[in-house]
Amino acid sequence: MDISFTPLQARHPGDVHVAFVAQSEEDRRSPDRLLGKETLCALLPWLSGHAAWDDCSGEALSTTVLYGPAEGERPVDRVVLVGLGDTAACKDTWSCLALARKAMGAALTRCRELRAGTVRLHLPALEPLAALADVDLPVLVEELVAGALGGLYAYTALKSKPKDQGPMPDLRLAADDPLPGPGSPLHKALSRGLAGGAGLWLARDLVNTPANLATPAYLEDTARTLAAEYGFGLDVYTAGEVLELGMGAFAAVFQANPDHARLLVLDTHGGRKPAGQSHAAPLVLVGKGVTFDTGGISLKPALNMEQMKGDMAGAAAILGCLKALGELKASQRVVAIIPATDNMPGPLAVRPGDVVKTLAGKTVEIINTDAEGRLLLCDALAYAGRFQPEAIIDVATLTGAAVVALGDHVAAIYGNRPLLAAAIQRLAMPVGDLLWPMPLWDFYFEELKSDVADMKNVGTRMGGSVNAALFLKQFVPDGVPWVHLDIAGPAFKTKAAPDCPAGGTGFATRTLLHLVLEWKRLRIAG
Ligand code: BES
Ligand code: MN
Ligand code: ZN
């Protein structure tokens, strides 16, 4: 899909225009419910007097098409009106932007059904919506672009006869002349929306691709493609090399199937280090890359187990973020560490009660082989210390307990720097990743004490998400700011939304992108 700016006046007959409409109980027929009415009616004079306003309820996420007057052979203009519901309910920025993304997704889906070649969105007409969300226009534009791409996403790679959803339309953002140039806030917003959307597509594809295809080797291929395309450095370690590094906890998970083990280390500055200069201290992103989680010997029940193909959603979000960073040629150095394997039972699989030695030197008694994510991550966190990072952010579908606590729309956020965690939460909400802080007090560690080793890999079921986070905290290199996102709930959806079909959501991808882009400012604040 091509998205670019175009002059407000440069219209083509047959274009499809998208406009937002509020719901009003008092006067259902009134075109006054149209946001940006003056701008739109100046461009399309027939719009306000159209006879079919009655058909447009303005109900949230409903779409109505109004057809312009026929003039000879010319194709008629069409306006896709998308409802926002009762806009008085838009009480805060994040929920209003969430509505805007969904509305945009619904509108684009409708445009596609109409087989629109070019869709126009008139930027001056968006000011009232930006005011409702209490943001500047560029912030809204970035979310609308992300919403459009999110709504147009579909995973069809494995359908032999994919359903015809219509051609991908191009989107034109109509602005006053002169058009927003490179470096302008609107131009940046468009680039970020596009890059974030591309990242979202990659992350969703990786989650949706089944585990017989999306193996650790497949993640390696994806990393290779990114490295080649954007000049990132890439180190790949296979099972033997991971063992040699001393990652006994990670190795315990892949020992059932060592062919399916990779440690991927991507460095956005790896490919272009100026001669004689040392690398800048990076921001390190660590992602859980369990390509399928059966639970291992502590086997999971069959119900919904197929969703465990998404147990690499943390890794997927990080790869998606890196794609976006590559597209934007971002200057901030990022190192991504992705331990990837599947968690399988088998004659060589790790057993409950086995004790392993981690990279950090601490020993762990593996009580439950289904608590495998923390085994991969504890070694990856310790490994991150080698890069002398400014901070470590890990992202993982770590515990079912996080889903029990927060449901499947919200992820748990933990960290050893409350201000940094709060800043990330604040930055994540407007891009649609809802995060909520959880406690990380040391007394929870009572649960993790082992009779035979330094610690166990699980406590009781109660407080399971906290226990897992506290386990990880033991492996964060001394003095390094660290934030942990437990995304087990929102990484995968069984219900479609207008800006995201059922399956992988790409949760955290755009948060990571914004985090990296804003890092210098955040670091000073935190
Ligand atoms: N991958 C799961 C967590 C998960 C659950 C992700 C539901 C997505 C949806 C993780 O490896 C796991 O199995 N965790 C166990 C931990 C328990 C054994 C302490 C869990 O949450 O049940
Ligand atoms: Mn598990
Ligand atoms: Zn898992």
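The values are calculated or read from the model by the stated rules, or taken from the named source; none is laboratory data. The model shown is predicted, which means the values in this text are computed figures rather than measured ones. Glycine also receives a Cβ, built like all others from the backbone with ideal geometry; neighbour counts cover every protein chain displayed. Ligands, DNA and RNA are stripped out before the accessible areas are found, and what is left, the full protein with its side chains, is counted by its heavy atoms. Shrake-Rupley method; radii C 1.70, N 1.55, O 1.52, S 1.80 Å.
Things to note:
- Part-to-part distance (alpha-carbon centres) for region 493-520 and region 217-273, which is given in Å: 24
- Residues whose amide H comes within less than 5 Å of that of ILE3, counting only those at least five positions distant or on another chain, are LEU171 (H built at 1.01 Å from N in the peptide plane).
- Applying the Karplus relation 6.51 cos²θ - 1.76 cosθ + 1.60 with θ = phi - 60° to region 107-112 yields 3J(HN,Hα) values of 4, 5, 4, 5, 4, 5 Hz, where x marks Gly and Pro.
- Taking 4.7 Å between beta carbons as the limit, the unpaired Cys residues of the chain are CYS41, CYS56, CYS111, CYS321, CYS378, CYS500.
- Cα shape, region 377-439, gyration tensor, a/c 1.5 rule: oblate
- CD proxy at 222 nm, helix term only [per DSSP H run n ≥ 4: -39500 (n - 2.57); per residue of the chain; nearest 500]: -10500 deg cm²/dmol
- Dmax and Rg, reported as Rg then Dmax, of region 193-522 (C-alpha, Å): 17.9, 56
- Filtered trypsin sites (Lys or Arg not before Pro), region 302-409: DSSP coil and at most 15 other beta carbons within 10 Å: LYS329
- For VAL290, the residues 5 or more places off, or on other chains, whose built amide H falls under 5 Å of its own are MET312, THR341.
- 3J(HN,Hα) along region 254-265, derived from phi through the Karplus expression 6.51 cos²θ - 1.76 cosθ + 1.60 where θ = phi - 60°, amounts to 8, 5, 6, 7, x, 4, 9, 9, 8, 10, 9, 10 Hz, with x in place of Gly and Pro.
- Mean-position separation - Cα centroids, region 58-128 and region 340-393, in angstrom: 48
- The chain: angle of helix 418-428 to the longest principal axis, Cα-based, in degrees nearest 10: 40
- Taking a ≥ b ≥ c as the square roots of the eigenvalues of the Cα gyration tensor, region 299-448 is rounded, since a/c falls below 1.5.
- Options GLY295, CYS378, GLY246, ranked by Cα towards positive dipole end of the chain, top entry (Cβ charges): GLY246
- Its Cα centre serving as origin, region 193-522 has a Cβ charge dipole (Lys and Arg +1, Asp and Glu -1) of approximately 740 debye.
- Surface share of carbon and sulfur [accessible, 1.4 angstrom probe, percent] for region 3-175: 49
- Each Lys and Arg adds +1 at its Cβ and each Asp and Glu adds -1 at its Cβ; summed about the Cα centre, region 3-175 shows a dipole of about 760 debye.
- Selection from LEU266, THR369, VAL139 lying farthest towards where the dipole of the chain points positive, charges on Cβ: LEU266
- Computed over the Cα atoms of region 3-175, the ratio of the radius of gyration to the Kirkwood radius (Rg/Rh) comes to 0.96.
- Expressed as a whole percent, the accessible surface of region 193-522 that belongs to carbon and sulfur atoms is 55, based on a 1.4 Å probe.
- Sparse-neighbourhood loop sites, trypsin sites (Lys or Arg not before Pro) in region 156-254 - DSSP loop, at most 13 other Cβ within 10 angstrom: LYS159, LYS163
- Cut-off of 10 Å, at most 15 other beta carbons, DSSP loop: longest stretch of the chain lacking such chymotrypsin sites (Phe, Trp or Tyr not before Pro): 47-440
- Loop GluC sites (Glu not before Pro), region 1-66 (other Cβ atoms within 10 Å of the site Cβ: 12 or fewer; DSSP): GLU25, GLU26
- Cα shape, region 363-521, gyration tensor, a/c 1.5 rule: oblate
- Across the options LEU123, ALA496, GLN23, the greatest Cα extent toward the positive end of the charge dipole of the chain (unit charges at beta carbon of Lys, Arg, Asp, Glu) belongs to LEU123.
- For the chain: accessible area per residue (Å², 1.4 Å): 40
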